[in-house]
Amino acid sequence: INDDGLALADTQIGSLDNGVGLLRYFVMTDILANCVDVDAALAHMRAMPHCGGGSLVLADRHGAMAAVELGHSTIAVDRGNGRWVARTNHFTEGALADKTRDDARGQANSLARLRTVRTWLEGNAVTDASARVVMSGHDGPAGMGLCRHGDTPESRTISSTIFRPQLRAMTVADGTPCSSPWDRYQLDFAPPVGADDVHP
């Protein structure tokens, strides 16, 4: 998250659409250094070459959001439904929908986790506490859990973050969210211009 309240989360996706361009790690840093909101970030990403792979989920302090899937020949943008947007470890959109490089087990795992999070988002009010619960959940009757311990080769949760763009704050579990402490961080820069009319 940057001092303008633009938050960004990275998701690894192996891509069959690769070429010469920027790795998403450099793209992430560039966005946070140069963009103030989601619209500016999307314009910035559309203007640069990508090597392909991964997705970025963005949100800003005005409530705008997007999930951007990164290929080399194209990027696919999902602006969400006005309340949320979600991604796991596979491509879902447009020309990239069949460009995930993965084995069948990993794809099935990612599809199941995306169903879990989308079902939860459709039926629940999102608070810090409720987000921690779903992010810490394990496999059960309700579906595949989001918290993965690396017991199987398909995926491993390395950290979880809850962003509050309006407050320019985040709460982070550095490790598996079911057992790691959640630490809150608040940026202490001067508020952005116009921040006094934005409410959390």
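What is the residue count in the range 13-51 for residues that are of a type outside the set (A, V, I, L, M, F, W, C), touching a Lys or Arg at 6+ places or on another chain (Cβ under 9 Å) and in contact (Cβ under 8 Å) with a residue 40 or more places away in the chain?
The qualifying residues number 4.
Go through the range 148-174 residue by residue and tally those that are modelled with pLDDT of 85 or more, over 16 Å from the mean Cα position of the chain (by Cα) and under 30 Å from ARG105 (Cβ atoms).
Qualifying residue count, the range 148-174: 2.
Do you know which of the residues in the range 3-29 that are surrounded by 20 or more Cβ atoms within 10 Å (Cβ to Cβ) and within 16 Å of the chain's Cα centre (by Cα) is farthest from SER110 (Cα to Cα)?
Selected residue: GLY5.
Say whether the condition of being closer than 28 Å to ASN18 by Cα, of a type outside the set (S, T, N, Q) and open to solvent by less than 40 Å² (accessible area, probe 1.4 Å) is met by at least one residue in the range 91-105.
Checked against the condition, which is being closer than 28 Å to ASN18 by Cα, of a type outside the set (S, T, N, Q) and open to solvent by less than 40 Å² (accessible area, probe 1.4 Å), the range 91-105 yields at least one hit.
Please list, ordered by residue number, the helices (runs of 4 or more DSSP H) wholly in the range 30-137 having 2 or more residues that are under 20 Å from SER160 (Cα atoms).
Details: elements: 38-46, 104-123, 128-135.
Because the criterion is at least 2 residues that are under 20 Å from SER160 (Cα atoms), the helices (runs of 4 or more DSSP H) in the range 30-137 that meet it are 104-123, 128-135.
Of the conditions (1) touching a residue at least 24 places away in the same chain (Cβ under 8 Å); (2) closer than 21 Å to LEU56 by Cβ; (3) of a type in the set (Asp, Glu), ASP174 satisfies every one except a single condition; which number is it?
That leaves (1) as the condition not met.
Being aliphatic (A, V, I, L, M), closer than 19 Å to ARG83 by Cβ and open to solvent by 70 Å² or more (accessible area, probe 1.4 Å) narrows it down to one of VAL117, VAL133, so name that one.
Going through VAL117, VAL133 in turn, the sole match is VAL133.
Filtering the range 30-84 down to residues that are touching an Asp or Glu at 6+ places or on another chain (Cβ under 6 Å) and among the polar types (S, T, N, Q), which residue is most open to solvent (accessible area, probe 1.4 Å)?
Here the residue is SER73.
Which of the residues spanning the range 136-151 are in contact with a Lys or Arg (Cβ under 9 Å, 6 or more places away or on another chain) and closer than 15 Å to THR88 by Cβ?
Across the range 136-151, the qualifying residues are GLY143, MET144, GLY145, LEU146, ARG148.
Can you tell me which of (1) modelled with pLDDT of 90 or more; (2) surrounded by fewer than 13 Cβ atoms within 10 Å (Cβ to Cβ); (3) among the acidic types (Asp, Glu) is the one ASP196 doesn't meet?
(1)
The values are calculated or read from the model by the stated rules, or taken from the named source; none is laboratory data. Computed from a predicted model, the values in this text were never measured in an experiment. Positions of Cβ are backbone-derived with ideal geometry, glycine not excepted, and every protein chain shown enters the neighbour counts. Side chains are part of the model used for accessible areas, which takes the heavy atoms of the whole protein and leaves out ligands, DNA and RNA. Shrake-Rupley method; radii C 1.70, N 1.55, O 1.52, S 1.80 Å.
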